[in-house]
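Undergrad: Structure provided below as structure tokens; questions to follow.
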Amino acid sequence: MNLSDESTTPTPATEESQPGSTTTQDKTSSMQEFYQLFQGLLSITLGLTGFIFISVWIFYSLNTALNYLLGAVTGMVYLKMLARDVERLGQEKRQLSKSRFALFIGVIVVATQLRQLQILPIFLGFLTYKATLLVYTIQSAFIPNSK
């Protein structure tokens, strides 16, 4: 058997495995998965925010809970902006925008200027979206088929 006699035309199986040869259906299903992931993360974030808000209100004060809520809402807006950047990543952009941090920095600057706002609850509220990512990762690790 001579290797030079064999044809090197790609078969349908090898064409699909080549990079850059994704079909429109693959892109659509990937975006559907992305939207499902984002909706899942948003619902987990809302649930955690509600639970933590009520807990802080019970154990501390309404003022502290409202400061936490301000940070958590800022975190959700940040998560939405991040999702929008990721959605545009392949189509319009080559890298993620860093302007999302301006939102967080703006809230912290306002918190330092107003006496009614407390920096720590706002910061911890902002980090609620990180707790969401931890919950999602643990959920995916222990229950792999839950989407």
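The values are calculated or read from the model by the stated rules, or taken from the named source; none is laboratory data. As the structure is a computational prediction, the values presented were derived from the model and not from experiment. Cβ sites come from the backbone with ideal geometry, for glycine too, and all protein chains shown count toward neighbours.
Undergrad: When the residues of region 36-64 are narrowed to those that are over 21 Å from Leu117 (Cβ atoms) and in contact with a helix residue (DSSP H, G or I) (Cβ under 6 Å, 6 or more places away or on another chain), which ends up surrounded by the most Cβ atoms within 10 Å (Cβ to Cβ)?
TA: The residue in question is Thr45.
Undergrad: Let me ask something else. Quick check on Ser43: is it in a helix (DSSP H, G or I), closer than 27 Å to Ser99 by Cβ and modelled with pLDDT under 85? First the steps, then the outcome.
TA: Numbers: in a helix (DSSP H, G or I): yes; closer than 27 Å to Ser99 by Cβ: yes; modelled with pLDDT under 85: no.
So Ser43 does not fit the description; no.
Undergrad: Let me ask something else. Is there a residue being basic (Lys, Arg), over 25 Å from Thr28 (Cβ atoms), at pLDDT below 90 and in a helix (DSSP H, G or I) anywhere in region 67-89?
TA: First, the residues of region 67-89 that are basic (Lys, Arg): 80, 84, 88.
With over 25 Å from Thr28 (Cβ atoms) added as a condition, the list becomes none.
No, because not a single residue in region 67-89 is basic (Lys, Arg), over 25 Å from Thr28 (Cβ atoms), at pLDDT below 90 and in a helix (DSSP H, G or I).
Undergrad: Filtering region 107-136 down to residues that are part of a loop (DSSP other than H, G, I, E, B) and loosely packed, with under 15 Cβ neighbours inside 10 Å, which residue is modelled with the highest pLDDT?
TA: If we filter region 107-136 for residues that are part of a loop (DSSP other than H, G, I, E, B), which is where we start, we get 114-118, 127.
Now narrow it down to the ones that are loosely packed, with under 15 Cβ neighbours inside 10 Å: 114-116, 127.
Working: Leu114: 88, Arg115: 84, Gln116: 85, Leu127: 92.
Ranking the qualifying residues of region 107-136, first place goes to Leu127.
Undergrad: Closer than 24 Å to Gln36 by Cα, at pLDDT below 85 and not aliphatic (A, V, I, L, M) - does that describe any residue in region 99-106? Lay out the reasoning, then the answer.
TA: The first filter runs over region 99-106 and keeps only residues closer than 24 Å to Gln36 by Cα, leaving 100.
If we keep only those that are at pLDDT below 85 as well, we get 100.
After this cut, where a residue has to be not aliphatic (A, V, I, L, M) as well, the list is 100.
So far as region 99-106 goes, yes, one or more of its residues are closer than 24 Å to Gln36 by Cα, at pLDDT below 85 and not aliphatic (A, V, I, L, M).
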